[in-house]
1. Give, in nm to one decimal, the length gained when the segment between residue 144 and residue 114 is fully stretched (0.36 nm per residue of separation minus the Cα-Cα distance).
2. Tell me, in nm to one decimal, what length is gained between residue 151 and residue 135 on full extension, where the rule is 0.36 nm per residue of separation less the Cα-Cα distance?
3. Check residue 66: other-chain or 5+ apart residues with amide H under 5 Å from its amide H, H built from backbone geometry?
4. With a probe of 1.4 Å, find how much accessible area the range 5-251 has per residue, and write the answer as a whole number in Å².
5. Gap in Å between the Cα centre of the range 13-78 and the Cα centre of the range 130-156?
6. Could you pull the accessible area for residue 253 with a 1.4 Å probe, rounded to 10 Å²?
7. Over the chain, with every protein chain in place, what whole percent of the accessible area is carbon and sulfur at 1.4 Å, could you tell me?
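The values are calculated or read from the model by the stated rules, or taken from the named source; none is laboratory data. If you're wondering where the values come from, they're calculated on a predicted model, not measured in any experiment. The accessibility values were calculated without ligands, DNA or RNA, using every heavy atom of the protein model including side chains. Shrake-Rupley method; radii C 1.70, N 1.55, O 1.52, S 1.80 Å.
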Amino acid sequence: MRKKIVAGNWKMNKTLEEANVLASEVKGMVEAEVKGNAIVILCTPSLFLLPVKNIVGNNTRIFVGAQNCSEHESGAYTGEISAAMLKSIGVPYVILGHSERRQYFGEDGALLAKKVDTVLKHSLTPIFCCGEPLEVRESNGHEALVKKQVEESLFHLDSSAVQKVVIAYEPVWAIGTGKTASAQQAQDMHAVIRKHLASKYGQDVADSISIIYGGSVSAANAKELFACPDVDGGLVGGASLKSRDFTEIAKSI
Ligand code: PGA
């Protein structure tokens, strides 16, 4: 059975004090209200990973995650954070290849393949993002592009390694725009991704990989999105900054 996951991507938001408040509220609400065995991940700015982890504690359902990490092991890479550092403070998840990293920081498929390798080497779980910009969707190139993104950064992995990856499908036109993909559009793309994984690794492996949806997920649309058979949860940006909204989304799974 693949994992059900609701991950909050805080992006570059919150001060330390605000981060502490948000994490404490989310912890309290999730523990009190979210049933079932879905896991919740708080992907905070790097600076807040440790304090938020201390708030969450050794929780079996709520975890912290980083938003990026270096492809390098260590050394003269000013401003970067390594997988070993994340491991050393008990961070189990790392978002890789978010569209904002691809767009503003020039991250491409080959670089992301290296990041995936580094993260897996340190026994952390990558949350690998893929998704098409609006013009690609409008010219009907979305399936081909997303398949290519998955191939470029994941298809070098063997079956046991690829099963350790979580994939987030995030159409760029739906991120932060309030314009979410319809449940049908999300399901169609998740099925395309799963089929592509099956063509390379077989159906059993493909069926074991969690594929979560991101792009304007809200308390109002989460239930419908999460009800799709190939949608295993969500990667939530804006709505993860409010404890009540985020908890409602986590309850929808
Ligand atoms: P959004 O962001 O929920 O604000 O659209 C999602 C994401 O970027 O992961």
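1. Length gained between residue 144 and residue 114: 8.6 nm.
2. Taking 0.36 nm per residue and subtracting the Cα distance, the gain is 3.7 nm.
3. 93, 94, 95
4. Normalised by residue count, the accessible surface of the range 5-251 is 43 Å².
5. Centre-to-centre (Cα) distance: 29 Å.
6. Using a 1.4 Å probe on the heavy atoms, I get roughly 60 Å².
7. 53 percent
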